[in-house]
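*Asks:* Mind having a look at this structure? Questions to follow.
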């Protein structure tokens, strides 16, 4: 009986660590992604970019493993029955954000868009806003498990950053279409800008759901 | 002895009703929120109901005897049966009611039928406890709720560990609640048979002697266990889910408050301690676990702003609290009349 209890405690602790690690992966992803875009804008598809891309793939793979682990453990150990569905949805949402980062980075690697230098500054600003938005989403999501007041604070930040990223992407796309570039290049750059901005939109959706779950979680 | 067992059967039926109806208050919220499995919760509650009945069940019986000393077996049978039927009628209509109220209605019915004066002081005491029970439960629940909220806010405990604590708390509270229910409410079930008890005492090894009256309480406890396993799941659906949608933490606070209230109203030692300290004491009176649970739920609901409470359902339940003693009173009066005039049984030994 004692052994069973100890092992249940150990398994709960492992699950707690897995949830924490998934959040760590998002924060790590935001930093590596920012770095990857910086490298791409400077060196295009260099060896350095290839290495950073690999790192992104690795983070995405690790987070997939963690997601599956969390999902199966929640059900195997019959934990948090009233919130289990919500937590599964949350974990799926977090994974979707990580996947989108990976997709965008990979798309840069495959398509190698030729982005004129005059847009680099604005694009870097957008990438920073999007990465910060996702990072704050991860902090808010981590707080959901421990401290609902902190969750609300970081949710506000996510909404603010998403709004800013919307503005930056709109400004950038307008500048691209107002330029003398070929239509094909305009469309390609526009697609990339939209996809980067999509990460912030997804983070915002994640927070919307999270705030609903938090209402349910309040005692 | 066979006649005795036959007449006792209505008491056992009432015991079954107690298990079917009131036991859901102990672990209904825990099962309703899927924190504990029904079979596990029912097993723990059953074990402790039996222990509570045998060890402390007699404390509240004195109050019932003061209200009306039903002194023949056939009369005990009629009073018990009427109360059980009143509870069953209410259960069938989906209202969780109190066996405490039904049995008081039944005893008053005996008093009226046999021409005995009802001890108004005791009746007022009992009725006052019906009012104070949900109020005290609400106060305790709100106090624990605020304290838990504060602790959770400061400790920043992970949701997984909160889940663990609530689960362990629910298991302990189910045991405490079971004991409290047995101690407080079993007098309702077998109290009217104490004066005519025919069981003899026996020893368990060299450790513990069970008196004849305790055997009576043991049988009542076993009947309640059968009620828990066979019928309580229906009542759980009402109390556990309909009244207010709440989290497992709140569910645990509700059952803890209910158990504390039941213990408060069954402990003679606590009564003596409060009296010694010159504080207003709580008499050892059988109170309603349903009222305690509803008092606790409504209290927390009000503390949360009162938005989630289904007041219509609260009123429906409260109407059952008035209806059940009245129905038991009428049924008791009618069945005693049948018992005396049709079956030619003595329903009162007092020489007038």
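All of the numbers you see were taken from the coordinates with simple rules; none came from a lab. Everything numeric here is computed off the predicted structure, so don't read it as measured data. As a convention, Cβ positions derive from the backbone with ideal geometry for all residues, glycine included, and neighbour counts pool all protein chains shown.
*Asks:* Per the Kirkwood formula on distinct C-alpha pairs, the Rh of the range B:151-292 is how many angstrom? Present the calculation step by step, with values, prior to reporting the outcome.
*Replies:* On the way: mean 1/r = 0.0561 Å⁻¹.
Its Kirkwood hydrodynamic radius stands at 17.8 Å.
*Asks:* Mind telling me which of A:19, A:110, A:70 comes out most flexible in a GNM of chain A, alpha-carbon contacts under 10 Å?
*Replies:* Maximum among the listed residues: A:110.
*Asks:* What number, in nm² with one decimal, is the all-direction average of the projected area of the convex hull of the alpha-carbon atoms of the protein assembly as shown?
*Replies:* 32.9 nm²
*Asks:* Okay, next question. What is the percent of Cα-Cα separations in the range A:45-159 that go past 26 Å? Working shown, then result.
*Replies:* Numbers: 2208 of 6555 pairs.
Roughly 34 percent, once rounded to a whole number.
*Asks:* With labels modelled as points extended 7 Å from the Cα through the Cβ direction, what inter-label distance (nm, one decimal) is found for residue B:93 paired with residue A:50?
*Replies:* Computed distance between label sites residue B:93 and residue A:50 equals 8.2 nm.
*Asks:* Quantify how much of the Cα-Cα distance distribution of the range B:238-352 extends past 17 Å, in percent. Intermediate results must be reported in sequence, preceding the final value.
*Replies:* Values: 4520 of 6555 pairs.
Cα-Cα pairs of the range B:238-352 separated by over 17 Å account for 69 percent.
*Asks:* Also, I was wondering about something else. Using only Cα atoms and rounding to the nearest 10 degrees, what angle (0 to 90) does helix A:84-111 make with the longest principal axis of chain A?
*Replies:* 30 degrees
*Asks:* Still on this structure, please answer the following. Using the alpha-carbon centroid of each, what span in Å lies between the range A:14-53 and the range B:125-170?
*Replies:* After rounding, the separation between the Cα centres reads 45 Å.
*Asks:* Additional query: Under the rule of -39500 (n - 2.57) per DSSP H run of 4 or more residues, summed and divided by the residues of the protein assembly as shown, what mean residue ellipticity at 222 nm is obtained, to the nearest 500 deg cm²/dmol?
*Replies:* Result for the protein assembly as shown, helices only: -27500 deg cm²/dmol.
*Asks:* Taking the alpha-carbon centroid of each part, what is the distance from the range B:43-97 to the range A:148-168 in angstrom?
*Replies:* Measuring centre to centre over Cα atoms gives 59 Å.
*Asks:* Turning to a different aspect of this structure: Where the centroid of each part is defined by its Cα atoms, how far is the range A:93-114 from the range B:313-349 in Å?
*Replies:* 75 Å
*Asks:* Moving on to the next point. Run the simple label-point estimate for residue A:191 and residue A:208 please: 7 Å along Cα→C-beta, distance reported in nm.
*Replies:* Result for the modelled spin labels: 2.6 nm.
*Asks:* Which FRET efficiency value, to the nearest 0.05, is calculated for residue A:9 and residue A:65 with the Förster distance at 30 angstrom and r the Cβ-Cβ distance?
*Replies:* 0.85
*Asks:* I would also like to ask the following. Report the full-extension gain for the segment residue A:178 to residue A:163: residue separation times 0.36 nm, less the Cα-Cα distance, to one decimal in nm.
*Replies:* That works out to 3.1 nm of additional length.
*Asks:* Quick check: the angle from helix B:23-32's long axis to the longest principal axis of chain B, C-alpha only, nearest 10 degrees?
*Replies:* 30 degrees
*Asks:* Quote the FRET efficiency, to the nearest 0.05, computed for residue A:42 versus residue A:111 with a Förster distance R0 of 25 Å and r equal to the Cβ-Cβ distance.
*Replies:* Taking R0 as 25 Å, the efficiency between residue A:42 and residue A:111 is 0.90.
*Asks:* How far, in degrees from 0 to 90, does helix A:120-144 lean away from the longest principal axis of the Cα atoms of chain A, to the nearest 10?
*Replies:* 10 degrees
*Asks:* Taking chain B as a Gaussian network, Cα atoms linked when under 10 Å apart, which of B:263, B:236, B:210 shows the biggest mean-square fluctuation?
*Replies:* Sorting by GNM fluctuation, first place goes to B:210.
*Asks:* Could you identify which residue out of B:134, B:286, B:248 has the top mean-square fluctuation in a GNM of chain B using Cα springs shorter than 10 Å?
*Replies:* Result for chain B, Cα springs under 10 Å: B:248 fluctuates most.
*Asks:* Could you check the spin-label model distance between residue A:75 and residue B:307? Points 7 Å from the Cα along Cα→Cβ, value in nm.
*Replies:* 3.3 nm
*Asks:* Over all Cα pairs of chain A, how is the pair count split among 10 Å bins, expressed in % and running from 0 up to the last occupied bin?
*Replies:* Result, from short to long distances: 8, 31, 31, 18, 8, 3, 1, 0 percent.
*Asks:* Rounded to a whole number of µm²/s, how large is the Stokes-Einstein D of the range B:31-159 at 20 °C and 1.002 mPa s, given Rh as the Kirkwood radius over C-alpha pairs?
*Replies:* After rounding, the answer is 118 µm²/s.
*Asks:* Evaluate E = 1/(1 + (r/R0)^6) for residue A:92 and residue B:6, where r is the Cβ-Cβ distance and R0 equals 60 Å; express this FRET efficiency to the nearest 0.05.
*Replies:* Efficiency for this residue pair is about 0.45.
*Asks:* Compute the distribution of all C-alpha to C-alpha distances in the range B:2-341, in bins of 10 Å from 0, and list the percent of pairs in each, rounded to whole numbers.
*Replies:* 6, 28, 35, 22, 8, 2, 0
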